[in-house]
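The values are calculated or read from the model by the stated rules, or taken from the named source; none is laboratory data. None of these values were measured; they are calculated from a predicted model. Every residue, glycine as well, gets a Cβ built from its backbone with ideal geometry; the counts of neighbours run over all protein chains shown.
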Amino acid sequence: MTAELTDGAVRGRRKVRVGTVVSSSMDKTISVLTKQLMKHARYGKFVNRTKRFLAQDDENACRVGDRVRIVETRPLSKRKHWRLDEIVERAK
């Protein structure tokens with residue numbers, strides 16, 4: 001193996017999402033709601049799509065309403081494949 005093949009660029013970039021924390025009642029886990037604006041395939045109208053992700057929050061630092069950035073990672077449990085990268089904006 002050369003040095004070029006061992007760096008993370010070869011394995012691909014991790015997906016990054018920005019969303020709002022909708023639940024932080026679990027221990028070291030947050031539920032993040034993400035919104036995506038996409039164009040409908042047939043009608044051409046722009047529609048909002050939402051999706052919830054479970055993310056690892058080791059320090060239990062997030063509260064409901066915080067805007068956070070999450071990054072894809074290895075599977076941590078049955079539904080948790082994301083981890084908290086940073087808190088973009090605190091809830092008011």
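Pick from segment 38-58 the residues that are assigned to a strand (DSSP E or B) and free of Cβ contacts under 8 Å to residues at least 12 places away in the same chain: which of them is farthest from Glu72 (Cα to Cα)?
Per the criteria, the residue is Phe46.
Just to be sure before I move on: is Arg52 of a type in the set (Lys, Arg), under 10 Å from the mean Cα position of the chain (by Cα) and at pLDDT 95 or above in the structure I sent?
The answer is yes for Arg52.
In segment 62-92, how many are of a type in the set (A, V, I, L, M), outside any loop (DSSP other than H, G, I, E, B) and closer than 16 Å to Val22 by Cβ?
5
Looking at (1) surrounded by 12 or more Cβ atoms within 10 Å (Cβ to Cβ); (2) within 12 Å of the chain's Cα centre (by Cα), which is the one condition that is false for Cys62?
(2)
Determine whether Ser25 is out of contact with any Ser or Thr (no Cβ under 8 Å at 6 or more places or on another chain) and at pLDDT 95 or above.
Here the answer is yes, as Ser25 does meet what is asked.
Taking only segment 9-37 into account, find how many residues are out of contact with any Gly (no Cβ under 9 Å at 6 or more places or on another chain) and within 28 Å of Leu76 (Cβ to Cβ).
20
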